[in-house]
Amino acid sequence: MQIITREQPNIHPIFNQFDKLYTELSEHTNSKKLVSAVYSDVFNPLIDLFKKYGYQGDIITRTKQLPPAILPDNNHKDVIVCFSSGKDSIATVKYFLDKNYNVYLYHMRHINPPLYDEYIQAEKLADYWNIPIYIDTIKLSGKHDYIEHPMKNYMIANGALQWGIREGITTNIAFGNYFTSTLESDNFEFCGGDDLEMWEIYNSIIQTIIPCFEMKIVLSSLNETLGKVCPDKELMEMSVSCLGRASMRTHWHDWVKNKYGITLPKHRCGRCYKCCVEYIYMTDHDLQEYSEEYYKYCFNNLRKNLQREDGIKYSDEEVWQHYFFYGRDRSKIFTCV
């Protein structure tokens, strides 16, 4: 099991329940029946969702009385952005700044152990915009069975929300996700925490103790993110939009340069699906130097990534439709790959 330990104690028992379920549900199965004491059945939809898609063990719930609500004052033009320093969170910040919000950044350090340099870039971006940032440090012990723990984003959202309440800022928080995908079409192992059902359940749980709570997810698609960030070369260089381990990123970045003769933005490995999607988009929109061979490599890498997730082969058209939101007529070489 994986246990999360926060630097600051939780301000309400309902957040302790989140942490407890994060630990219990971090294993696919358990030889013992797990007993979770939940509040007024508000967590039951989350437990049912895990049982449907990812958890095979037994969970017996015991209902506890819901503690008193938290009633903070909210300025509706204040927002805390859960900030990773990647393109999606950067695009989210730009969205709110363009609408004259007072933006605060929250970054949870160590939630992504391989990406240990994210917080450095998060601080640099806060300085770039001259907006406040809080770096929250957590500790993780043990392991989880999922490729990406489906409750990871809950842990980040809980930290941001509690920081906003402690500091008297706001309970409006935002994530750089897309409020469109569903678990019927996505792989729970990879991206359960990003999906519509997970955020709908989170909203319903938090609103039982903070009726005015609002999770803001303002981006509609990857295309919107790329359109906001990719044309800005300075932001592209500062962003960390890569799933490659920080310790290997420079090595793979140099490999791409030596093999294909192109230079990618600084914090890119050039091999993970995020880097591949970004390169294809940028070359198709004339924002990045072009290499036909590397373009083919990226597209085939995306095909392999889908096959790893689902175990089936995909056609060129299916790969394109999964990753890209603009017409294939914009592709440099779609008919060649």
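Every read-out reported here was derived from the displayed coordinates using simple, explicitly stated rules and does not represent laboratory data. In this text the structure is predicted, and so the values were computed from the model without any measurement. All Cβ positions, glycine included, derive from the backbone under ideal geometry; neighbour counts span all protein chains shown.
In the chain, taking the dipole from charged Cβ atoms about the Cα centre, the farthest positive-side position among Leu196, Asn100, Thr29 is held by Thr29.
A P(r) calculated from all alpha carbon pairs of the stretch 170-329, with 5 Å bins opening at zero, reads 1, 8, 14, 19, 19, 16, 11, 6, 4, 2, 1, 0 percent. Summarise the long-distance tail of P(r) for the chain by giving the % of C-alpha pairs beyond 34 Å. Taking all Cα-Cα pairs of the chain, the fraction more than 34 Å apart is 26 percent.
Dipole magnitude for the chain: computed about the Cα centre from +1 point charges on Lys and Arg Cβ and -1 point charges on Asp and Glu Cβ, it is near 680 debye.
For Lys216, the amide hydrogen comes within under 5 Å of the amide hydrogens of Ile173, Ala174, Phe175, counting only partners 5 or more places away or on other chains and with H modelled in the peptide plane. In the stretch 242-336 the Cα-Cα distances spread across 10 Å bins starting at 0 as 16, 50, 30, 3 percent of all pairs.
How large is log10 I(q)/I(0) at q = 0.22, 0.23, 0.25, 0.27 Å⁻¹ when the Debye formula is applied to the Cα atoms of the stretch 295-337, each weighted equally and without solvent? At q = 0.22, 0.23, 0.25, 0.27 Å⁻¹ the computed log10 ratios are -0.70, -0.76, -0.88, -1.01.
Could you work out the mean projected area of the convex hull around the alpha carbons of the stretch 78-216, in square nanometres to one decimal?
8.7
Farthest toward the positive end of the dipole of the chain, out of Cys298, Leu243, Ile312, is the Cα of Leu243, where the dipole comes from beta carbon charges about the Cα centre. In nm, to one decimal, how far is the modelled label at Asp98 from the one at Lys296, with both set 7 Å along Cα→Cβ? Those two pseudo-labels are separated by 3.7 nm.
Note down the net charge around Asn305, summing +1 for each Lys or Arg and -1 for each Asp or Glu among other residues with Cβ under 12 Å from its Cβ. Every neighbour counted, the sum reads +3.
State which stretch of the chain is the longest one without any exposed trypsin sites (Lys or Arg not before Pro), exposure meaning a DSSP loop state and at most 10 other Cβ atoms within 10 Å. Result, exposed sites excluded: 34-312. Taken one residue at a time, the phi angles of the stretch 206-214 give Karplus couplings (6.51, -1.76, 1.60, θ = phi - 60°) of 5, 5, 6, 10, 9, x, 8, 4, 9 Hz. Gly and Pro are set to x.
Sequentially through the stretch 301-307, phi angles give Karplus couplings (6.51, -1.76, 1.60; θ = phi - 60°) of 5, 5, 4, 5, 5, 4, 5 Hz, Gly and Pro residues having no value and appearing as x.
Grab the beta carbon distance between Lys64 and Gln207, set R0 = 25 Å, and tell me the FRET efficiency rounded to 0.05.
That pair, Lys64 with Gln207, gives E of 0.90.
With Cα atoms defining each centre, the stretch 203-254 and the stretch 104-131 are spaced 11 Å apart in the structure.
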